[in-house]
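Asks: Take a look at this one; I'll ask things after.
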Amino acid sequence: MAKITEQKRLSLEQLRKKTDPRSLGFATTEDIPALEEFIGQKRAVSAISFGLEVESKGYNIFVLGNPGSGRTTYSLERLRTAAKKRPAPDDWVYVYNFDDPGQPLAINLPAGKGKALGTAFDDLVEELKIAISKAFEKSQYEDAKAILVKEFQEEVNVLMEGVKSWAAGKDFALKRTPQGFVNIPLTEVKADEPEEKPEEKGEQKRETPGPQKREIQQEEFEALPEDIQKEWQKKSEEVSQKTLETLRQIRDLEKGLKEKIVKLEAEICRSAITPYLQDVKEKFGTTEVLCKWIDSLTEDIIDNFGMFVAAVKDESAEVDFTRYTVNVFVCNDPDHGAPVIWETNPSYYNLSGKVEYESRQGYLYTDFKKIVPGAFQKANGGFLVLDAEKVLMNFMSWEALKRVLRTGEANIENLGEQYGALPVSSLRPQPIPINLKVLMVGTPYLSSLLQYYDAEFQKMFKIKADFDTDMKRTPEMEKKMAQFVATCVKRENALPFDASGVAEFIDWSSRAAGDQNRISTEFNKIAEIIVEASAWAKADGASIVDASYVRKAIDEKRFRSDLVQERIARAFEDGVIRIDTTGKVVGQINGLSVIDLLDYRFGHPSRITANVFMGQDGVVNIEREVKMTGPIHNKGLLILTSYLGRKYAQDMPLSLSARITFEQSYGGIEGDSASSTELYCLLSALSSVPLTQEIAVTGSVDQFGNIQPIGGVNEKIEGFFQYCEYGGLTGGQGVMIPAQNVQHLMLSQTVLDAVKAKKFTIWAVSTIDEGLEILTGLAAPAIHRKVKAALKKWLKQSAKLKKKYKLEAEADADDEEE
């Protein structure tokens, strides 16, 4: 058995693949150029490049990868590079809609013109105040207005004289009273009657031909016969009708006067403001929409010129000129290409934009100037980068994004209108056409969920850029990793690394990838080691970061996170947790598991025991019975039963009862990496052959007894090694792993030193038989014979007992009959 033990023993070189510092070809990172390309993600880089070239609808990009893989950083850098080569998109402004104030107008201008237009209209308002005020202060306006008024008065006098003359012909006089015109009948003055003196009534005396007439007094009128009174009343109605017609003519003249004055004022105002507005139109009127709006603005200023005059005469007057200004909604720099917007808080309003409100004396007030752009409008004509998880966490954000990509326009809407208890009146700005490419960053899990639950997802995100977690480890890639270190050193202003430090760093990257032939692409975590190694070197006053400082950074990082591991190990040292690392025991073995704390994972040995006896229960896992195991672990246990049946029950029934458990385990158990360990323990219990407690075991097993690979092999080995160190290394201790996991070994220097000193050993096995021989020191066939013999013995004993119990039962039945 010593032969197979040596055959399966791994050499020191197999336990860790090391980078030769001399192969890197430099003394320090100052001697090599910075890395200009993004390494290790050929598939993702190619997908993003292709996605940026396709302009068709729906070719947005979903970047898949784990946090720390550089997915967001690279995406932003790639988009910014592409954006510089693209023309800057148009600016957008919102202006007052003179036809429908509730729907502000959106107007586009060439890049960089929006802000200039806003400034121009702010200045224009001030200029127009002065220009309009001066225009109406000139004597020409007053003289022209006076002429119009004089003409009106003359026409009124002619009309009034005419109606009075006509009334006199009907023997009536017209008199103006506070209540209006009054008709008074007239009669001739008799010879014996005194003549009225006009001077007494404030009238000028005038010569009139014919007989003199006087007003009939009320008493005289009432004394007249009834038929004569009716005749006078009929005449009075004719005079009143004629008077009303004349008054209507006067009102028409008055209306005409006002229209003439308004027209005069409009001509004066238009003459005053046209030069200013024409300058603005010539400078910015590149679109028909803007020109039409300026024309509408011109007419509105003419209609409301009085507010400009009032503002100049009384500076304290509160006059609102907001509608004559411009809301510069989106402004782009014509020299900086297309925009790249990274929205880190993709709430509904941050994406779609919003209309803000201002509280004024208890009322909420808004206007077109309070329309605020969202990420959709800011990124219009360029690129928008979003975190998928954050988008899905914000109410209505995902729906808003889909609507924009589907319709090609962005509506600014108040969610309160749709989801409030009562509809709230608000502005409805004119939607802006949107043409952007969205790059969404998320995990593979989120991508799968969206594909499964949202049928529109694949239509809108047709490009998938999948970031891998590791890359192939080749001499060329090792040199590029050295360049990556040089880049981080320059970016973080860290100390330069020598070749030994870079080599140690590359080795750690392979450890992070969990494979000798791969290198981790989680560049965020990798950069942390570079920064921390430099910090430890600076603390020691060193000018170069060598391998010792990289190891120190790794050890210190582990120390900051291994409190839980230390507490568990302390319980072992205190004798609270029992793990035997010496001696031999029947039906007991040391299994290995990994405890994952997300930011830190470590290996932990578990004492597994098996107890066998006669019965028909088969193999029972105690943790399974109390529902402490997961489905994968339960699958491994069922495979054990299948293996036993194939190995020992081909010529006889399998009759046994076995109980397997993880001693002192109080949490859930999942995974099948202990299935081979449980099988070794079970075979030991059945054969009564003791297993060495100096060797811990990991590996799953199939139905044919082949050992299969597992995860976390480095952590598991180092975890058991730590426990052996606490109890004292004997030289016979070690760990037995699946042969397929040899390529994953990147053990710590402490374990390597112990192996080199022949105080610790790693074995790699391919079958259960190989493992049995290492654990027991006996040939596997001999153990199988012992197991077979034990099972056959129990079967025979079971048959004898059944026969005995049957005879006793028959005898008892006969006694009862007698």
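The values are calculated or read from the model by the stated rules, or taken from the named source; none is laboratory data. Everything numeric here is computed off the predicted structure, so don't read it as measured data. Here Cβ is always computed from backbone atoms with ideal geometry, including for glycine, and neighbour counts include all displayed protein chains. Side chains included, ligands, DNA and RNA excluded: accessible areas come from the protein's heavy atoms. Shrake-Rupley method; radii C 1.70, N 1.55, O 1.52, S 1.80 Å.
Asks: Could you go through region 90-97 and let me know if any residue there is open to solvent by less than 40 Å² (accessible area, probe 1.4 Å) and within 27 Å of Met440 (Cβ to Cβ). Reasoning before the result, please.
Replies: Kept after step one, since they are open to solvent by less than 40 Å² (accessible area, probe 1.4 Å), are these residues of region 90-97: 91-95, 97.
Subset that is within 27 Å of Met440 (Cβ to Cβ): 91-92.
Within region 90-97 (the criterion being open to solvent by less than 40 Å² (accessible area, probe 1.4 Å) and within 27 Å of Met440 (Cβ to Cβ)), the answer is yes, since at least one residue qualifies.
Asks: Restricting to region 706-731, give me the number of residues that are free of Cβ contacts under 8 Å to residues at least 60 places away in the same chain, crowded, with 16+ Cβ neighbours inside 10 Å and not in a helix (DSSP H, G or I).
Replies: Counting residues in region 706-731 that are free of Cβ contacts under 8 Å to residues at least 60 places away in the same chain, crowded, with 16+ Cβ neighbours inside 10 Å and not in a helix (DSSP H, G or I) gives 4.
Asks: Say whether the condition of being at pLDDT below 95, of a type in the set (Val, Ile, Thr), within 30 Å of Met440 (Cα to Cα) and in a loop (DSSP other than H, G, I, E, B) is met by at least one residue in region 453-472.
Replies: yes
Asks: Read through the list (1) of a type outside the set (Ser, Thr, Tyr); (2) open to solvent by less than 60 Å² (accessible area, probe 1.4 Å); (3) touching a residue at least 12 places away in the same chain (Cβ under 8 Å), then give the number of the only condition that Ala811 fails.
Replies: (3)
Asks: Any residue in region 757-764 that is outside any loop (DSSP other than H, G, I, E, B) and either loosely packed, with under 15 Cβ neighbours inside 10 Å or without any contact (Cβ under 8 Å) to a residue 40 or more places away in the chain (or both)?
Replies: Looking for residues that are outside any loop (DSSP other than H, G, I, E, B) and either loosely packed, with under 15 Cβ neighbours inside 10 Å or without any contact (Cβ under 8 Å) to a residue 40 or more places away in the chain (or both), one finds none in region 757-764, hence no.
Asks: Quick one: in region 654-672, of everything that is in a loop (DSSP other than H, G, I, E, B) and in contact with a helix residue (DSSP H, G or I) (Cβ under 8 Å, 6 or more places away or on another chain), which residue is surrounded by the most Cβ atoms within 10 Å (Cβ to Cβ)?
Replies: Top of the filtered list is Leu656.
Asks: Still on this structure, I have one more. State whether one or more residues within region 678-691 are surrounded by fewer than 23 Cβ atoms within 10 Å (Cβ to Cβ), within 18 Å of Val787 (Cα to Cα), among the small types (Gly, Ala, Ser) and under 51 Å from the mean Cα position of the chain (by Cα).
Replies: No, region 678-691 contains no residue that is surrounded by fewer than 23 Cβ atoms within 10 Å (Cβ to Cβ), within 18 Å of Val787 (Cα to Cα), among the small types (Gly, Ala, Ser) and under 51 Å from the mean Cα position of the chain (by Cα).
Asks: Same structure again: Out of all the residues in region 79-94, is one or more basic (Lys, Arg), in contact (Cβ under 8 Å) with a residue 12 or more places away in the chain and within 30 Å of Thr692 (Cβ to Cβ)?
Replies: no
Asks: Being more than 14 Å from Asn435 (Cα to Cα), under 25 Å from the mean Cα position of the chain (by Cα) and hydrophobic (A, V, I, L, M, F, W, C) is the filter; apply it to region 356-384 and report the residue that is surrounded by the fewest Cβ atoms within 10 Å (Cβ to Cβ).
Replies: Val372
Asks: While we're here: Among the numbered criteria (1) crowded, with 21+ Cβ neighbours inside 10 Å; (2) farther than 14 Å from Thr521 by Cβ, which single criterion is violated by Lys464?
Replies: (1)
Asks: For the subset of region 118-137 comprising residues that are among the charged types (D, E, K, R) and touching a residue at least 12 places away in the same chain (Cβ under 8 Å), which member is nearest to Tyr324 (Cα to Cα)?
Replies: Asp122
Asks: Within region 610-653, track down each residue that is open to solvent by less than 30 Å² (accessible area, probe 1.4 Å), touching an Asp or Glu at 6+ places or on another chain (Cβ under 7 Å) and within 15 Å of Gly668 (Cα to Cα).
Replies: Listed by number, the residues that qualify are Thr629, Gly630, His633.
Asks: Restricting to region 100-117, count the residues that are in contact with a helix residue (DSSP H, G or I) (Cβ under 7 Å, 6 or more places away or on another chain) and either in a loop (DSSP other than H, G, I, E, B) or closer than 12 Å to Lys369 by Cα (or both).
Replies: Residues flagged as in contact with a helix residue (DSSP H, G or I) (Cβ under 7 Å, 6 or more places away or on another chain) and either in a loop (DSSP other than H, G, I, E, B) or closer than 12 Å to Lys369 by Cα (or both) within region 100-117 amount to 2.
Asks: Let me spell it out: the conditions are (1) assigned to a loop (DSSP other than H, G, I, E, B); (2) free of Cβ contacts under 8 Å to residues at least 24 places away in the same chain, and Lys3 meets all of them except one. Which number is the exception?
Replies: Checking Lys3 against (1) assigned to a loop (DSSP other than H, G, I, E, B); (2) free of Cβ contacts under 8 Å to residues at least 24 places away in the same chain, the one that fails is (1).
Asks: Related question: Could you please let me know if Leu450 is surrounded by 13 or more Cβ atoms within 10 Å (Cβ to Cβ) and in a helix (DSSP H, G or I)?
Replies: Numbers: surrounded by 13 or more Cβ atoms within 10 Å (Cβ to Cβ): yes; in a helix (DSSP H, G or I): yes.
Yes; evaluated as a whole, the condition is true for this residue.
Asks: Listed residues Arg578, Arg567, Arg607; which is surrounded by 18 or more Cβ atoms within 10 Å (Cβ to Cβ) and not aliphatic (A, V, I, L, M)?
Replies: The match here is Arg607.
Asks: Would you mention how many residues in region 765-808 are polar (S, T, N, Q) and either within 12 Å of Leu683 (Cβ to Cβ) or surrounded by fewer than 11 Cβ atoms within 10 Å (Cβ to Cβ) (or both)?
Replies: 1
For every residue, the table says whether it meets (1) surrounded by 14 or more Cβ atoms within 10 Å (Cβ to Cβ); (2) closer than 30 Å to Gln418 by Cβ; (3) out of contact with any Asp or Glu (no Cβ under 7 Å at 6 or more places or on another chain); (4) not β-branched (Val, Ile, Thr).
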| site | (1), (2), (3), (4) |
| --- | --- |
| Val280 | yes, no, yes, no |
| Thr287 | yes, no, yes, no |
| Leu290 | yes, no, yes, yes |
| Leu297 | yes, no, yes, yes |
| Phe305 | yes, no, no, yes |
| Glu315 | no, no, yes, yes |
| Val326 | yes, yes, yes, no |
| Phe329 | yes, yes, yes, yes |
| Lys354 | yes, yes, yes, yes |
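Asks: With respect to Ala455, is the statement that it is surrounded by 20 or more Cβ atoms within 10 Å (Cβ to Cβ) and either more than 25 Å from Ser49 (Cβ to Cβ) or in contact with a helix residue (DSSP H, G or I) (Cβ under 9 Å, 6 or more places away or on another chain) (or both) true?
Replies: When the stated conditions are applied, Ala455 does not pass them.
Asks: Now for a different question. Output the residues belonging to region 487-544 that are part of a loop (DSSP other than H, G, I, E, B) and aliphatic (A, V, I, L, M).
Replies: Answer for region 487-544, where residues must be part of a loop (DSSP other than H, G, I, E, B) and aliphatic (A, V, I, L, M): Ala494, Leu495, Ala542, Ile544.
Asks: Pick out, from region 135-223, the strands (runs of 3 or more DSSP E) lying fully within it that include 2 or more residues that are of a type in the set (Asp, Glu), modelled with pLDDT of 70 or more and in contact with a Lys or Arg (Cβ under 7 Å, 6 or more places away or on another chain).
Replies: In region 135-223, no matching strands (runs of 3 or more DSSP E) lie anywhere.
Asks: Could you count how many residues in region 25-36 are in contact (Cβ under 8 Å) with a residue 12 or more places away in the chain and either under 20 Å from Phe467 (Cβ atoms) or in a loop (DSSP other than H, G, I, E, B) (or both)? Can you show your working first?
Replies: Of all residues in region 25-36, those in contact (Cβ under 8 Å) with a residue 12 or more places away in the chain come to 25-30, 32-35.
Applying the additional criterion that residues be either under 20 Å from Phe467 (Cβ atoms) or in a loop (DSSP other than H, G, I, E, B) (or both) yields 25-27, 32-35.
Within region 25-36, residues that are in contact (Cβ under 8 Å) with a residue 12 or more places away in the chain and either under 20 Å from Phe467 (Cβ atoms) or in a loop (DSSP other than H, G, I, E, B) (or both) number 7.
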